[in-house]
1. Of VAL109, VAL119, VAL187, which residue is among the aliphatic types (A, V, I, L, M) and in contact (Cβ under 8 Å) with a residue 40 or more places away in the chain?
2. If you check every pair at least six apart or on different chains, which have Cβ atoms under 8 Å apart with a residue in region 28-42 that is under 10 Å from LEU265 (Cα atoms) first and a residue that is at pLDDT 95 or above and among the basic types (Lys, Arg) second?
3. Among the residues of region 296-328, write down those that are part of a helix (DSSP H, G or I) and under 20 Å from the mean Cα position of the chain (by Cα).
4. Exactly one condition in (1) closer than 20 Å to PRO24 by Cα; (2) of a type in the set (Asp, Glu); (3) within 19 Å of the chain's Cα centre (by Cα) is false for GLU267; which is it?
5. Out of the residues in region 329-352 that are charged (D, E, K, R) and in a helix (DSSP H, G or I), which is nearest to ALA125 (Cα to Cα)?
6. Only one residue in ASN54, ASN101, ASN88 is buried (at least 23 other Cβ atoms within 10 Å of the Cβ), more than 16 Å from the ligand (Cβ to nearest atom) and not hydrophobic (A, V, I, L, M, F, W, C). Which one?
7. Mind checking which residues of region 206-259 are in contact (Cβ under 8 Å) with a residue 12 or more places away in the chain, more than 16 Å from the ligand (Cβ to nearest atom), among the small types (Gly, Ala, Ser) and in a loop (DSSP other than H, G, I, E, B)?
8. Take the residues in region 180-203 that are among the hydrophobic types (A, V, I, L, M, F, W, C) and either farther than 18 Å from GLU67 by Cβ or in a helix (DSSP H, G or I) (or both), then tell me which one is nearest to the ligand (Cβ to nearest atom).
Amino acid sequence: MPVSDAHRIQTSDLDTPPRLLLGPGPSNAHPRVLRALSNRQVGHLDPTFIHLMNEVQSLLKYAWQTENPVTIPVSGTGSAAMEAAVANTVESGDSVLVGCNGYFGERMVDMASRYGASVTRMEAAWGTAFDLETIRTAMESCRPQVLGLVHAETSTGARQPLEGVRDLCDEFDCLLIIDTVTSLGGVELFLDEWGVDAAYSGTQKCLSCPPGLGPLTLGPRVLERLEKRSRPVPNWYLDMSLVGKYWGSERTYHHTAPINMNYGLREALRLIAEEDLEARWERHRTNANLLWDGLADLGLSCHVDKEIRLPSLTTVRVPDGVDSGQVARTLLTEYNIEIAGGLGALAGKVWRVGLMGFNSRPENVMLLLAALKNVLHR
Ligand SMILES: Cc1ncc(COP(=O)(O)O)c(C=O)c1O
C-alpha cells in the first residue's frame with residue numbers, strides 16, 4: 001500500500017515570541033530551569049535519577065514546610081495533583097465540604113462528586129475568604145470527612161487564611177485538603193503548623209518551571225485513612241498506595257516518570273532554597289506592593305482587600321467603558337506582555353496579573369505599568 005502524503009505538511013523551525021507571562025500562569029520559567037530541562041536523559045530507575053527523586057522530595061518539603069512522608073511530584077499538571085488529593089482522601093459516600101469562592105473550588109466540587117462523595121458547597125463572594133465561624137457552621141450542618149479549601153484562588157486573587165482551621169477539623173475528625181497551586185514558592189505556607197493533611201500545586205506558577213508536574217503532599221492522617229479504605233482508590237494512575245512505592249523505598253515501577261520535567265523541578269526548587277523561603281516570600285510582597293501602588297497611581301483599583309490579597313496574583317478592576325479583552329490583546333501584540341481577563345463571576349470585570357517566581361521583579365512591574373498606561377490612554 002502506498003504511503004499517504006496527506007499529512008506531510010510544510011513546517012518551519014519553531015520560533016516562539018518573547019512573551020512576558022504576567023497572567024495567572026504559566027509564568028516564565030527561570031533560565032536555569034530551562035537549561036536543566038535539556039540535560040541528557042538517564043533511565044527512570046537509574047541511580048542518578050533515584051538520587052534526584054530524593055532531592056526533589058526533600059526540597060518540596062522545604063518549600064511547603066512539611067515533614068509529610070509522601071511529598072512527591074505527580075506526573076501531570078496541577079489538576080492531576082488535585083485529583084490525586086481528592087481520590088486518595090475521599091471514599092464513595094463520604095461527606096465533603098468545599099469552599100466555593102472562586103473557580104477552583106468548583107473544580108474540587110466536581111472532582112469529589114465524581115468520586116461518589118456527597119458534596120456540600122460552602123459559598124462566598126468571589127474575592128473574599130471564609131472565616132472560622134462560617135466554616136464551623138457549614139461543618140456542623142454536613143459533618144464532613146474532608147474539607148477542601150483553596151489557599152490561593154487564582155480566579156480572584158484572594159488568600160484563604162488557615163490559622164485555626166485544624167482545630168475545627170479535629171473537632172469533626174475531618175481531613176483538610178488545600179490548593180496551593182498559586183502559592184507554593186511565592187506566598188507563606190506552613191503546612192505542618194497549620195495541620196494540613198493534603199496539599200497540591202503545579203510547577204508553572206511561583207515555582208517558575210514549565211507546566212507538567214503537580215506536587216502533592218499527604219500527611220499521616222491521610223495515609224492512615226488510605227490503609228483503612230474499604231475499596232481501592234478508583235483511579236489507578238493516581239493511587240498513591242501504588243505511586244508511593246515508586247517514590248518510596250521500594251522503587252518499583254509504576255509509570256515512567258517524566259525525567260526531564262523532574263530535572264526542571266529540581267532546579268526550580270534549588271533556586272527557592274538558594275534564595276531562602278522567607279526572602280522569596282518577601283520579594284513577592286515587595287513587588288506586589290510596587291504593582292498595587294502603581295495601579296493606584298493610574299487610577300485603577302484592586303478587587304480584593306489588601307489583608308487577603310495574594311502577592312502572586314492581583315485582580316485589577318476594569319474601569320467602566322474599557323474593553324478588558326481589547327486591552328489584554330493590545331498588551332500581547334504590541335508589548336509581548338500577557339495578562340488575562342476574569343473568569344466566571346469576574347469575567348469582563350477584572351484583569352488578572354501574576355507576579356510569580358522568577359517574574360516577580362521590579363522591572364517587570366514597571367514595564368507592565370508603563371504599557372498599561374499607554375494602552376489605557378488611547
Ligand atoms: C488554584 C488552581 N488550582 C488548580 C489549577 C489547575 O492546575 P493545572 O491547570 O496545572 O491543571 C490551577 C491552574 O491554574 C489553579 O490556579
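1. On the way: VAL109 fails: in contact (Cβ under 8 Å) with a residue 40 or more places away in the chain; VAL119 fails: in contact (Cβ under 8 Å) with a residue 40 or more places away in the chain.
Exactly one of VAL109, VAL119, VAL187 is among the aliphatic types (A, V, I, L, M) and in contact (Cβ under 8 Å) with a residue 40 or more places away in the chain, namely VAL187.
2. What qualifies is ALA36/ARG266.
3. Of everything in region 296-328, just one residue is part of a helix (DSSP H, G or I) and under 20 Å from the mean Cα position of the chain (by Cα), namely ILE308.
4. Only one criterion in (1) closer than 20 Å to PRO24 by Cα; (2) of a type in the set (Asp, Glu); (3) within 19 Å of the chain's Cα centre (by Cα) is unmet by GLU267, namely (1).
5. So the first thing to find is which residues in region 329-352 are charged (D, E, K, R), and the list is 329, 334, 338, 349, 352.
Among the residues that remain, those that are also in a helix (DSSP H, G or I) are: 329, 334.
Numbers: ARG329: 28, GLU334: 35 Å.
By that ranking, first place goes to ARG329.
6. On the way: ASN54 fails: buried (at least 23 other Cβ atoms within 10 Å of the Cβ); ASN101 fails: more than 16 Å from the ligand (Cβ to nearest atom).
Every option except ASN88 fails the conditions.
7. Within region 206-259, GLY219, SER230, GLY248, ALA257 qualify.
8. Step one: list which residues in region 180-203 are among the hydrophobic types (A, V, I, L, M, F, W, C), which gives 181, 184, 187, 189-191, 194, 196, 198-199.
In the following step, the residues that additionally are either farther than 18 Å from GLU67 by Cβ or in a helix (DSSP H, G or I) (or both) were identified as 181, 187, 191, 194.
On the way: VAL181: 4, VAL187: 12, LEU191: 16, TRP194: 17 Å.
Result: VAL181.
The values are calculated or read from the model by the stated rules, or taken from the named source; none is laboratory data. Please read these numbers as outputs of a predicted model, since none were measured by experiment. Neighbour counts are summed over all protein chains in view; Cβ atoms, including those assigned to glycine, are modelled from backbone coordinates with ideal geometry.
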